[in-house]
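**Q** Take this structure, written in structure tokens, and hold onto it; I'll ask about it next.
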Amino acid sequence: MYRTRVIDSELDELFPLLPAMAIEGPKAIGKTATAARRVARRVRLDDAADRQLVAADPGVVETASSEHPLLIDEWQRYPPVWDLVRRAVDDGEGGGRFLLTGSATPGGAPVHSGAGRIHTLRMRPLSFSERDIEIPTVSISALFQAGASIEGETSTDLGAYVEEIVGSGFPAIRGLSGRARRLALDGYLQRVVEHEVLEQGILGRQPAALRSWMSAYAAATASTASTATIGRAASPGAGDGPARTTVERYRDALAQLWLLDPVPAWMPKNSFARLASTPKHFLADPALAARLLELDEPRLLAGAGTGMLGPQDRTALGALFEALVVLSVQTYAQAAEATVHHVRTKNGDHEVDLLVHRNDGTNIAVEVKLTAAPDDRDVRHLHWLKAQLGAELTEMVLIHTGPYAYRRTDGVAVVPLALLGP
């Protein structure tokens, strides 16, 4: 049975109006299932026969879309199809003609930008609300309006959040449990390092080194660790670690596969403080990070695991909970036409985990705390940012693991992750 996704509402709104849209994101997150519900015909470019058909007769693309919407699945397997769609859009009229899905950005292939012709939406692994665990009572979209209602109660506790961290946002994997799920996640990672980077022409054959770098990146989850720090962690005992160019190739390879989802630093035009520009590091799914670090539910709940890289003393569980929050907020923010950033002063004395920003100048500040009973200490950076931005900061939100959503007397909205939605 199809699981409704947040991106469905975006496609319902946009696809009838736009001639071509591309859904981009990691492999196995449900892009094809979502796209297939909106088309009459599908061309699978990961299938040799379909790929040969399009290569032999490019006109099949325009012919197939002339009467019914066409899905071009895994378009990056035959990059020239991007230009075929672009030209078909130029020659025709009307919305809802082409949907493309892609699990990678082609390496080294000249592809027209498609600007103004092919419009892209990012799709991510399942956010928390998409997992059908709880009905959200607090909406990101509503938080952009001052005075939003903050209420609700959930039975989701720390153990349930840990289960969701390791359980994965990949639809086919999260239904598994125990050893089967661990093997499925290991297989996904193995496929990436041994096959995907080669098949896409992204990176040469060096799976062990790439896997080590992924593990180091996972250990840097929710931090702003430098490229050099991550590189040294990936090659302990090797002096300064791999060359910067090598590290950049690893990073770029995973970014092309949509497996990195960093949160950029917020850099307002009129900066009120000296803000750091380094992004915060996140993999596409916290389950991948947990598996790379060999962390399961018992170890996480016991507080064991690897210390996070970077200037802050974060526990593995705290960082992975933040990763689960970020995955969810990124999904909800996109539906609200907003972008997600983090705020950190260069000297590190002030930091706000997330700033959700819209082009109309409204902003939501979000702090993430692994606690069921937040107190005044947990909101001090939110109030600092409020003092800097004034009316431009529409809402201050603290996301936690407790049972209740409510508004504090100082105006901060206190919301369990389970009750937050789009």
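Throughout, read-outs are computed from the coordinates displayed, never taken from laboratory work. All values reported here derive from a predicted model rather than from experimental measurement. Backbone-built Cβ (ideal geometry, glycine too); neighbour counts: all protein chains shown.
**Q** Amide H neighbours of residue 265 under 5 Å, counting only residues 5+ apart in sequence or on other chains, H built in-plane at 1.01 Å?
**A** Sorted by chain and number, the residues that satisfy this are 280, 342.
**Q** When the chain is modelled as a GNM with alpha-carbon springs shorter than 10 Å, which of 398, 370, 389 fluctuates the most?
**A** Looking only at 398, 370, 389, the biggest GNM fluctuation is shown by 389.
**Q** So who's got an amide H within less than 5 Å of the one on residue 119, skipping anything under 5 residues away but keeping other chains? H placed 1.01 Å off N, in plane.
**A** The answer is 20, 21, 22.
**Q** Hey, another quick one. Compare 334, 190, 256 in a GNM of the chain, Cα atoms joined below 10 Å, and give the one with the largest fluctuation.
**A** Largest GNM mean-square fluctuation: 190.
**Q** Roughly speaking, what is the centre-to-centre gap between the stretch 152-227 and the stretch 355-422 when only Cα atoms are used, to the nearest Å?
**A** Here the two parts' Cα centres lie 28 Å apart.
**Q** Turning to a different aspect of this structure: Under the Karplus relation 6.51 cos²θ - 1.76 cosθ + 1.60, θ = phi - 60°, what is the ordered set of whole-Hz ³J(HN,Hα) values for the stretch 23-28, x standing for Gly and Pro?
**A** Per residue, the Karplus-derived 3J(HN,Hα) values read 9, 10, x, x, 5, 6 Hz.
**Q** Ok, one more. At 25 °C and 0.890 mPa s, what whole-number value in µm²/s does Stokes-Einstein give for the translational diffusion of the stretch 6-139, with Rh from the Kirkwood sum over Cα pairs?
**A** 160
**Q** Determine the sum of side-chain charges near residue 188: Lys and Arg each +1, Asp and Glu each -1, restricted to other residues whose C-beta is under 13 angstrom from that of residue 188.
**A** +3
**Q** Here is a further query. How high is the FRET efficiency between residue 410 and residue 13 when r is their beta carbon distance and R₀ equals 35 Å, given to the nearest 0.05?
**A** 0.45
**Q** Which of the lysines could be linked to residue 27 by a straight reach, that is with a Cα gap under 25 Å, when you skip same-chain ones fewer than 8 residues away?
**A** Hits, sequence-local ones excluded: 280.
**Q** Ok, one more. In nm, to one decimal, how far is the residue 132 label point from the residue 248 one, both placed 7 Å along Cα→Cβ?
**A** 4.6
**Q** Cβ under 15 Å from residue 385's Cβ, residue 385 left aside: what net charge do those residues give with Lys, Arg +1 and Asp, Glu -1?
**A** Net charge around residue 385: -4.
**Q** As I understand it, the dipole of the chain uses +1 on the Cβ of Lys and Arg and -1 on the Cβ of Asp and Glu, about the Cα centre. Which of 49, 66, 99 lies farthest toward its positive end?
**A** Result: 49, furthest along the dipole toward the positive end.
**Q** Further question: Taking the Cα centre of the stretch 315-422 as the origin, how large is its charge dipole in debye, to the nearest 20, when only Lys and Arg (+1) and Asp and Glu (-1) carry charge on their Cβ atoms?
**A** Value, rounded to 20: 60 debye.
**Q** Using r as the Cβ-Cβ distance of residue 33 and residue 347, and R0 as 41 Å, what FRET efficiency do you calculate, to the nearest 0.05?
**A** Once the sixth-power term is evaluated, E becomes 0.30.
**Q** Taking the Cβ of residue 274 as the centre, find all other residues whose Cβ is under 11 Å away and add up their charges (Lys, Arg: +1; Asp, Glu: -1).
**A** That sum, taken over residues with Cβ under 11 Å, equals +1.
**Q** Computed FRET efficiency, Cβ-Cβ of residue 267 and residue 119, R0 22 Å: what is it to the nearest 0.05?
**A** In this case the efficiency is close to 0.30.
**Q** Turning to a different aspect of this structure: What angle, in degrees between 0 and 90 and rounded to the nearest 10, separates the Cα long axis of helix 244-256 from the longest principal axis of the Cα atoms of the chain?
**A** Helix 244-256 sits roughly 70 degrees off the main axis of the chain.
**Q** Karplus couplings for the stretch 275-282 from phi (6.51 cos²θ - 1.76 cosθ + 1.60, θ = phi - 60°), rounded to Hz, Gly and Pro as x?
**A** Each residue's phi maps through the Karplus curve to give 9, 6, 10, 6, x, 8, 8, 8 Hz.
**Q** Sort 16-22, 323-329 by packing, meaning the average of other beta carbons within 10 Å per residue, with the highest value first.
**A** Going from most to least packed, we get 323-329, 16-22.
**Q** Determine the dipole magnitude for the chain: charges of +1 sit on the beta-carbon of Lys and Arg, -1 on that of Asp and Glu, nothing else is charged, the reference point is the Cα centre, and the result goes in debye to the nearest 20.
**A** 820
**Q** For the chain, report the % of Cα-Cα distances exceeding 39 Å.
**A** 20
**Q** I'd like the orientation of helix 178-191 relative to the chain: the angle between its Cα long axis and the longest Cα principal axis, in ° from 0 to 90, rounded to 10.
**A** With rounding to tens, the tilt is 60 degrees.
**Q** Continuing with the same structure: Using the Karplus curve 6.51 cos²θ - 1.76 cosθ + 1.60 with θ = phi - 60°, work out ³J(HN,Hα) for each residue of the stretch 51-61 in order, rounded to whole Hz, and write x for Gly and Pro.
**A** 5, 5, 4, 5, 5, 6, 9, x, x, 4, 5
**Q** Helix 207-219: angle to the longest alpha-carbon principal axis of the chain, degrees 0 to 90, nearest 10?
**A** 40
**Q** Next question, about the same structure. Pick out which of 234, 336, 48 has the largest mean-square fluctuation in a Gaussian network model of the chain, springs linking Cα atoms closer than 10 Å.
**A** 48
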